[in-house]
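Following: one structure in structure tokens, then a few remarks.
What follows draws every value from the coordinates through simple rules; no lab data is involved. These numbers were taken from a predicted model, which means no experiment stands behind them. Every residue, glycine as well, gets a Cβ built from its backbone with ideal geometry; the counts of neighbours run over all protein chains shown.
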Amino acid sequence: MPIKKSIFIFTLLSLLILTSCSPASISSSTPPELLDNTILRPEFELKDVTFAAGTAFAIEMDDENVSLVLTAYHLFGEAGGLKEEIPSERMPDVFQTAIFTDAYTDEYCGECDKVLKIKDADSIPNVDKDLVAFYFGENLDANKLKLSSKLPKKGETVWLAAPTIYSVEPRLHKATVKSASNKRLTFEYEEKDIELTATSGAPILNSAGEVVGLNVGGGQQYGKTIGVTNPCTSIRKRLKEALR
């Protein structure tokens, strides 16, 4: 295993150890409705390489009068199959097109051809900076989610909205919030053996269908699968700063 990838996994697991190990009660909240063309599979075309990695979703920021497609920044590095991570300041220069299909049906949804410059985008251990945003393409047929204005509370039920590499069902994966701050959101999955490969960049939804976080990874802790997410409050802050 490459040294950088080993460091990435070790650092992520170190973050998980900081999570409380006490069991959380699972609430009986009703899962949100998930429409087709909401959870997207991206293929990225850069100047020198084309690759497919992770998951993406669109949001509408009413207060900024703009729509964006979001995914995880760490996909533009070894996690996405590249030799090294692309510096955030170079993204607008190397990015050409992002092509999206429905993550569950593989139907073509459209493209984005402009990336939003987020100058301090980064990856693990900086969970709150793990973010890439594309301006919503004119021909993109994708449903737009709403970004929650507040963090979920500890013990609240949330859902990872993404297919796994083994199956498109269930579409939603139930979890319970373990900790929430403006730096990171952690939660415990109900499915102990859930496979998280290719779910980086997927939305974490509350019962109202609002995005409370962007999935960046996870791992095992005391026999449980713990997820780590860039929280909605940090996402909103960084997008607003980048849009100025």
As a check on your grasp of the helix formula, calculate [θ] at 222 nm for the chain: sum -39500 (n - 2.57) over DSSP H runs of n ≥ 4, divide by the residue count, round to the nearest 500.
-> -4000 deg cm²/dmol
Enumerate the amide H contacts of residue 218 below 5 Å, restricted to partners 5 or more residues apart or on another chain; note that Pro and chain-start residues carry no placed amide H.
-> 228
What does the convex hull of the alpha-carbon atoms of the stretch 39-145 project to on average, in nm²?
-> 6.7
Inter-centroid distance (Cα atoms) of the stretch 157-186 relative to the stretch 100-131, Å | 17
Length gained when the stretch residue 96-residue 243 is fully extended (0.36 nm per residue, less Cα-Cα span) = 51.0 nm
Using the count of nearby Cβ atoms within 10 Å as a rough guide to exposure, how do 171, 90 rank from fewest to most?
-> 90, 171
Take the Cβ-Cβ distance between residue 48 and residue 117 as r, set R0 to 25 Å, and report the resulting FRET efficiency rounded to the nearest 0.05.
-> 0.80
Which entry in [x] 1.03; [y] 0.93; [z] 0.96 matches Rg/Rh (Cα atoms, Kirkwood Rh) derived from the coordinates of this structure?
-> [y]
How would you rank 95, 51, 57, going from fewest to most other Cβ atoms within 10 Å of each one's own Cβ?
-> 51, 95, 57
Long-range HN-HN contacts of residue 145 with modeled amide H, under 5 Å | 58, 59, 60
If packing is taken as the mean number of other Cβ atoms within 10 Å per residue, what is the order of 64-72, 41-49, highest first?
-> 64-72, 41-49
